[in-house]
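Written below as structure tokens is the structure these notes are about.
The values are calculated or read from the model by the stated rules, or taken from the named source; none is laboratory data. Fair warning: this is a prediction, and the values are worked out from it, not measured in the lab. Backbone-built Cβ (ideal geometry, glycine too); neighbour counts: all protein chains shown.
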Amino acid sequence: MKAVILVLDGLGIGAQEDSHLFNDPKTCNTLLNSLKKYLQTNSIYYFENLSSLGLGKIISFKEGVNYKDYGFLDNVNILASYGVLTERSKAKDTITGHWELAGIISDKGFPTFPNGFPQDLISEFEKRINRKVLGNKVASGTEIIKELGDLHVKTGYPIVYTSADSVFQIAAHVDVISLKELYNICEIAFDLLKSYKNGIYLTSRVIARPFAGNNGNYYRLNDKRKDFSVLPPKTTLLDIFYESGLEVIAVGKVSDIFANKSITKSYKVSGNLNILNKTIEIIEQDFNGLVFSNLVDFDTLYGHRQDPIGMVNALIEFDKNIMNLVNKLNDDDILFIVADHGNDPTDDSTDHTREHTPLIVYSKARNFKRDINLGFRESFSDVAKTIFDYFKSYLKPEFKDLIDGKSFLDLIF
């Protein structure tokens with residue numbers, strides 16, 4: 001018996017009531033605004049499989065629009081139940097979104113640095129590593145090594161940069177700063193962020209970004225990337241499964257999000273289709289437990305880079321391939337398709353957007369109730385509580401109160 005969580009990273013479905021508190025307009029809507037932009041220059045694509053899983057009904061329910069205008073069909077058999085998730089955590093970043101899906105509602109998020117890190121922090125970091133640094137700004141990882149790669153090779157100074165997420169990233173050429181030394185520099189940065197000024201600048205992750213190549217042809221060594229992540233502050237669904245002797249398998253960047261805690265196996269695959277195919281490969285195996293996969297391209301390639309056409313093309317690719325996973329599920333497996341935040345590529349910012357996210361639930365079980373509108377859920381953590389109830393025969397009852405959320409299992413079985 002398996003629970004599968006597929007996170008369509010950044011695929012929000014419309015502003016939450018509190019979006020203004022996060023400097024996001026009421027008009028932000030990653031999915032709908034991307035589809036509108038796509039249809040301005042492209043023929044309509046009919047989402048046959050996602051229609052059967054209820055995504056069109058979610059759009060209609062959430063936004064009051066005719067989903068047929070956006071390529072969703074009404075003459076299909078609805079296989080799943082569906083609803084709208086609400087983020088309760090006081091943040092809109094990847095880490096807190098995933099933590100909330102796993103049962104932790106966070107009182108505060110991690111800081112972001114749209115203007116680069118404070119100079120006093122950088123000065124202290126330079127002192128501790130006995131080197132100056134380059135960069136210190138928001139940047140794409142591929143672009144900043146193009147911009148500063150030559151200067152880095154000449155000076156030996158590591159490149160420090162951040163993004164719209166709460167991350168402290170350090171890039172270095174492997175022939176200039178060895179992997180061992182780069183990882184040590186990242187450990188120094190992580191320790192500094194945790195202790196300096198009582199941790200007010202602590203980011204969710206410090207990431208080592210090694211690269212190679214020559215002038216004009218620098219490239220990242222993604223398989224040598226290393227993340228130093230903050231541990232979840234409380235018990236998660238992953239902890240409960242792990243302590244109960246069940247498998248907890250992470251695909252994509254999920255293991256980094258949870259600081260590798262309570263994970264039995266991790267597959268750091270990149271690319272939406274590769275991640276989906278690895279998830280399919282995993283669920284064909286015989287085990288009991290949780291599979292947690294993050295399809296990151298929606299966020300990193302299309303949301304942050306403000307590419308609504310790419311966003312829709314990624315959704316089309318997902319539509320064409322999702323039934324390969326659905327068809328491999330066993331009768332006692334349960335699938336959740338969700339998102340961790342919004343990232344509207346049509347707004348004025350490259351940052352995440354405070355949005356509701358989709359909830360699609362599917363099982364082949366005979367007693368599973370299909371085409372049930374689960375409404376607006378009070379938190380992402382309702383997913384964790386529902387999975388707990390589904391696996392209750394494997395779990396100690398007293399564990400249930402350790403995670404946040406409200407189960408909706410009785411609505412679908």
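Residue-wise test of (1) charged (D, E, K, R); (2) under 24 Å from K92 (Cα atoms).
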position	(1), (2)
K26	yes, yes
L31	no, yes
L50	no, no
G54	no, no
I59	no, yes
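Can you confirm whether segment 317-337 contains a residue that is more than 19 Å from A80 (Cα to Cα) and out of contact with any Pro (no Cβ under 8 Å at 6 or more places or on another chain)?
Yes, there is a match, as at least one residue in segment 317-337 is more than 19 Å from A80 (Cα to Cα) and out of contact with any Pro (no Cβ under 8 Å at 6 or more places or on another chain).
Can you tell me which residue is surrounded by the fewest Cβ atoms within 10 Å (Cβ to Cβ) among those in segment 173-203 that are over 22 Å from G156 (Cα atoms) and of a type in the set (G, A, S)?
In this case the residue turns out to be S195.
Select from segment 1-26 the residues that are part of a loop (DSSP other than H, G, I, E, B) and of a type in the set (D, E, K, R) and list them in ascending order.
D9, E17, D18, D24, K26
Would you mind stating whether T346 is at pLDDT 95 or above and among the hydroxyl-bearing types (S, T, Y)?
When the stated conditions are applied, T346 passes them.
Quickly run through segment 120-172 and pick out the residues that are over 22 Å from the mean Cα position of the chain (by Cα), under 28 Å from R354 (Cβ atoms), of a type in the set (V, I, T) and surrounded by fewer than 22 Cβ atoms within 10 Å (Cβ to Cβ).
Within segment 120-172, none qualify.
Which ranges mark the strands (runs of 3 or more DSSP E) fully within segment 196-276 that have 2 or more residues being touching a Ser or Thr at 6+ places or on another chain (Cβ under 6 Å)?
Per the criteria, 247-251.
Name the pairs: first residue in segment 391-405 and assigned by TED's automatic domain parsing to the domain that holds D239, second residue outside any helix (DSSP H, G or I) and of a type in the set (K, R), Cβ to Cβ under 9 Å, at least 6 apart or on different chains?
Close Cβ pairs (under 9 Å, with a partner that is outside any helix (DSSP H, G or I) and of a type in the set (K, R)) amount to K400/K392; L402/K234; I403/K234; D404/R88; D404/K234; G405/R377.
Would you mention how many residues in segment 364-381 are under 18 Å from K57 (Cβ atoms) and either surrounded by 15 or more Cβ atoms within 10 Å (Cβ to Cβ) or more than 22 Å from the chain's Cα centre (by Cα) (or both)?
9
Does segment 194-204 include one or more residues that are under 25 Å from G149 (Cβ atoms) and modelled with pLDDT of 95 or more?
Yes, the conditions are met somewhere in segment 194-204.
G156 passes all but one of (1) closer than 19 Å to F117 by Cβ; (2) touching a residue at least 12 places away in the same chain (Cβ under 8 Å); which number fails?
Every listed condition holds for G156 apart from (1).
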